[in-house]
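A.B. asks: Got a structure for you, written out below as structure tokens; questions coming shortly.
The values are calculated or read from the model by the stated rules, or taken from the named source; none is laboratory data. No experiment lies behind these values; they were computed from the predicted model shown. Note that each Cβ is placed from the backbone with ideal geometry, even for glycine, and that neighbours are counted across all protein chains shown.
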Amino acid sequence: MLRYDRRIRLLAACFSGVAGYVDAIGFLMTGGFFVSFMSGNSTRLGIGLAQGAPSVGFAAALLVTFVVGVMLGAVLGRIARTHRRPVVLALVTGLLASALALHGLGAGMWVAIPMVLAMGAENTVFAEDGEVRVGLTYMTGTLVKLGKRLTAALLGGDRFGWAPFLLLWSGLLAGAVAGALAYGAFGVNALVGAVVVMTLLTIVTLVMGPDRKPQAPSIGAGAALNTQGGLAGRVIAVKRRRTGPRRP
């Protein structure tokens with residue numbers, strides 16, 4: 001998160017906001033299952049297996065669907081290359097729109113399936129070299145990083161290194177509040193708001209141009225010299241081990 005500039009951090013917070021919005025709707029619609037928080041569904045699956053609850057099948061289906069959504073986003077991202085973000089976001093928008101269509105057809109709780117696919121795919125927006133750099137629909141790792149950065153700030157490190165992680169978490173929280181309020185007023189039709197916002201975010205990322213890899217954190221001249229000196233020392237040590245001790 002720290003490797004991205006302010007524009008990308010704000011975008012990431014917006015993406016997390018949509019995830020919180022959709023997750024709140026899904027949670028209320030399904031009576032306690034999540035469409036983006038798979039740790040919660042894994043716990044529901046475990047409890048269901050222990051108690052022999054009939055909800056086991058639904059929890060398992062949501063988990064598998066999420067993984068499939070990640071796979072879809074990853075494949076499209078590889079195909080799109082430097083236009084990963086708008087292409088993946090267009091997929092997410094289409095899946096959320098299909099959830100609305102299924103709701104109109106009376107699909108019941110199974111409307112959650114395209115919602116879960118969308119949330120899985122959304123997590124690949126910031127994927128690089130096969131790794132997800134910023135988790136957009138789950139916040140445990142973000143809160144861990146927030147705590148570590150706050151500790152570093154208290155001990156004399158970067159005073160504001162924690163801010164991007166607080167922003168990301170706040171985005172998800174604000175989205176969840178908005179989603180719960182919207183569901184109370186409009187039911188599942190509140191997904192219209194998510195579709196509209198995702199459409200706008202897709203256009204924004206398209207206008208921003210090709211994706212760029214984040215810059216690696218810079219190091220000072222002293223650190224660079226120390227690094228070079230350490231490397232030189234290790235090279236000399238290896239050579240000595242190979243050739244034996246130097247004779248007088």
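A.B. asks: Looking at region 120-139, can you tell me whether even one residue there is farther than 18 Å from GLY17 by Cβ, among the small types (Gly, Ala, Ser) and exposed (fewer than 14 other Cβ atoms within 10 Å of the Cβ)?
C.D. replies: yes
A.B. asks: For ARG7, all conditions in the list (1) out of contact with any Lys or Arg (no Cβ under 8 Å at 6 or more places or on another chain); (2) farther than 25 Å from LEU167 by Cα; (3) exposed (fewer than 15 other Cβ atoms within 10 Å of the Cβ) hold save one; what is the number of the exception?
C.D. replies: (2)
A.B. asks: Right, next: I need the full set of residues from region 81-93 which are surrounded by fewer than 17 Cβ atoms within 10 Å (Cβ to Cβ) and among the hydroxyl-bearing types (Ser, Thr, Tyr), in order please.
C.D. replies: Within region 81-93, just THR82 meets the criteria.
A.B. asks: Can you find even one residue in region 23-30 that is assigned by TED's automatic domain parsing to the domain that holds PRO164, at pLDDT 95 or above and touching a Ser or Thr at 6+ places or on another chain (Cβ under 6 Å)?
C.D. replies: Yes, that holds for at least one residue.
A.B. asks: Quick one: would you say PHE66 is over 18 Å from the mean Cα position of the chain (by Cα), in a helix (DSSP H, G or I) and either in contact (Cβ under 8 Å) with a residue 40 or more places away in the chain or surrounded by 21 or more Cβ atoms within 10 Å (Cβ to Cβ) (or both)?
C.D. replies: Details: over 18 Å from the mean Cα position of the chain (by Cα): no; in a helix (DSSP H, G or I): yes; either in contact (Cβ under 8 Å) with a residue 40 or more places away in the chain or surrounded by 21 or more Cβ atoms within 10 Å (Cβ to Cβ) (or both): yes.
No: the conditions fail for PHE66.
So that you can scan it fast, the table gives a plain yes or no per residue for (1) closer than 20 Å to PHE34 by Cβ; (2) at pLDDT 95 or above; (3) in the same structural domain as ASP23 (by TED's automatic domain parsing):
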site	(1), (2), (3)
GLY94	no, yes, yes
TRP110	yes, no, yes
MET115	yes, yes, yes
ASN123	yes, no, yes
THR137	yes, no, yes
ARG149	no, no, yes
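A.B. asks: Out of the residues in region 153-162 that are surrounded by 14 or more Cβ atoms within 10 Å (Cβ to Cβ) and at pLDDT below 90, state the one that is nearest to the chain's Cα centre (by Cα).
C.D. replies: Going through the qualifying residues, I end up with TRP162.
A.B. asks: For region 5-50, how many residues meet the condition of being closer than 16 Å to TRP169 by Cα and outside any helix (DSSP H, G or I)? Even if it seems obvious, please write down each step before you answer.
C.D. replies: If we filter region 5-50 for residues that are closer than 16 Å to TRP169 by Cα, which is where we start, we get 6, 8-24, 36-37.
When the remaining residues are screened for being outside any helix (DSSP H, G or I), the result is 36-37.
Residues flagged as closer than 16 Å to TRP169 by Cα and outside any helix (DSSP H, G or I) within region 5-50 amount to 2.
A.B. asks: May I ask you to verify whether ARG78 is crowded, with 19+ Cβ neighbours inside 10 Å and more than 16 Å from VAL18 (Cα to Cα)?
C.D. replies: Working: crowded, with 19+ Cβ neighbours inside 10 Å: no; more than 16 Å from VAL18 (Cα to Cα): yes.
Spelling it out, it is not the case that ARG78 is crowded, with 19+ Cβ neighbours inside 10 Å and more than 16 Å from VAL18 (Cα to Cα).
A.B. asks: Cβ-Cβ distance below 7 Å, separation of 6 or more or different chains: which pairs start in region 16-28 with a residue that is without any contact (Cβ under 8 Å) to a residue 40 or more places away in the chain and end on one that is surrounded by 24 or more Cβ atoms within 10 Å (Cβ to Cβ)?
C.D. replies: Going by the 7 Å Cβ cut-off, the qualifying pairs are PHE27/PHE34.
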